[in-house]
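Comments concern the structure below.
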Amino acid sequence: MKNNNQTSSSITYNYQGIEKRSRNSALRYIFGLLGIQFLKSIFRFLPGIDNSVYAKGQSKDLYVEIVPSFLGMFSKHWMLNDFVVKRFVEMGLSVRSMHAPYIDDGKVFQTARKSYLENVLDITEYSSTTLLCLYSHLHLFEAIAPQEQDKVLIAHPLPSDPNKSEKEIIKSITKVAKKLLPLLREQNVRLVIENMPWLKRRHERYSPFLGDAQFFERLMNELDDSYYGVLFDWGHANSYARFMYAHGIKHTEHQFTPESLQHFKYQDYFIRRLKNKLYYAHLNFNEAHLLDAKPIFYAKNFDSHSDLTHMTEEEYVDYKRNIQSLAKIPNLVGMTIESIPSYTSRVKRLQRYNDSVEILNSMLQSQS
């Protein structure tokens, strides 16, 4: 979101759902788990963007963040699925941010098992598969958004091997990223690495530094190019801070206390420490800062990606402080409201998205 252009035209939506043929999702998921690729391909997802992007006649002013692997935009070996890509282009939507495949379960990685929609990527592993996947996403940008400016390709820094050290992870990501540099420059796309939360039964297989600002600072020092940056995820930082406090893990610069949790101080620290390399932000909400709160039942962790409508008036004040600090960063090109929509009611989904947009705009417009 440009510093002097803080309007709804700079707000994007993360949407991973399907508007048409959604009744096939369960069958596709089952066949995917069983590894029956032929039957899985029969129930292909067609791209669908939620009607909320068309709300109040704003479709020309909004940018949609997509996860292409969720929308069936790739076929075998990460080749572009021309039929699905064409359908998407015909929608006439503007895309500036694209999320590379991700999976947060180390066990799936470590057993080399295909996951839902084959959305598996390990950017800490230098391999032909990793490079092909990322190359294909960059070519997809060329196919669906050739004229857009300030484009970013988002990747999680999750390792397949839980025994990898911080130094090894930085070395591997750097090797992958630098191999992409010529195409990043040609397509005018920035590669941004996202800070991670800590998820019960999942990230326990990884090391806690994947959410640490100092890790990202060291990573950016190694990459040392304007085409590489950091994506700040507010909810991930909130969940990470809760983990650090709950496990009594000491930090060299930041103290994880009940007060710092309550007032989102780790978010302040992360933004301040990475301000020169923060290019993008994911905005959502969770209750990790509330010591008496329990994780939602279906996630078993605090990374719920809730709408901004869930915060109280007191939380609004501290959240606004974080947002206004982000908005002052000259290199920040966008903010995505990355909330999980309600799949049971389009009316609720539409209303929550619109309310979140209004909340975000109110935080930005009140900036002195």
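The numbers here are math on the coordinates, done by the rules we state, and not lab data. What you are looking at is a predicted structure, and each value in this text was computed from that prediction instead of being measured. Note that we place each Cβ from the backbone using ideal geometry, even for glycine, and neighbour counts take in every protein chain shown.
Quick notes
- Taking other C-beta atoms within 10 angstrom as a stand-in for reagent exposure, T130, T174, T336 fall in the order T174, T130, T336, fewest first.
- For L158, residues with placed amide H under 5 Å, excluding near neighbours: I123
- For H305, the residues 5 or more places off, or on other chains, whose built amide H falls under 5 Å of its own are F285.
- Cross-link partners of K76 among aspartates and glutamates (Cα-Cα below 12 Å; sequence separation of 8 or more within a chain): E118
- Among the listed pairs K265/K328; K277/K348; K167/K294; K250/K275; K171/K250; K275/K320, those beyond 28 Å (Cα-Cα): K277/K348; K167/K294
- Kirkwood hydrodynamic radius over Cα pairs of the range 240-321, then Stokes diffusion coefficient at 25 °C and 0.890 mPa s, in µm²/s: 178 µm²/s
- In this simple spin-label model, placing a label point 7 Å from the Cα along the Cα-to-Cβ direction at both D82 and E313 gives a separation of 6.0 nm.
- Full-extension gain in nm, S128 to Q214, via 0.36 nm per residue minus C-alpha separation: 28.0 nm
- Long-range amide H partners of V64 with built H, under 5 Å: Y13, S94, V95, R96
- J(HN,Hα) series, the range 218-225, from Karplus relation 6.51 cos²θ - 1.76 cosθ + 1.60, nearest Hz, glycine and proline x: 5, 5, 5, 5, 6, 6, 6, 7
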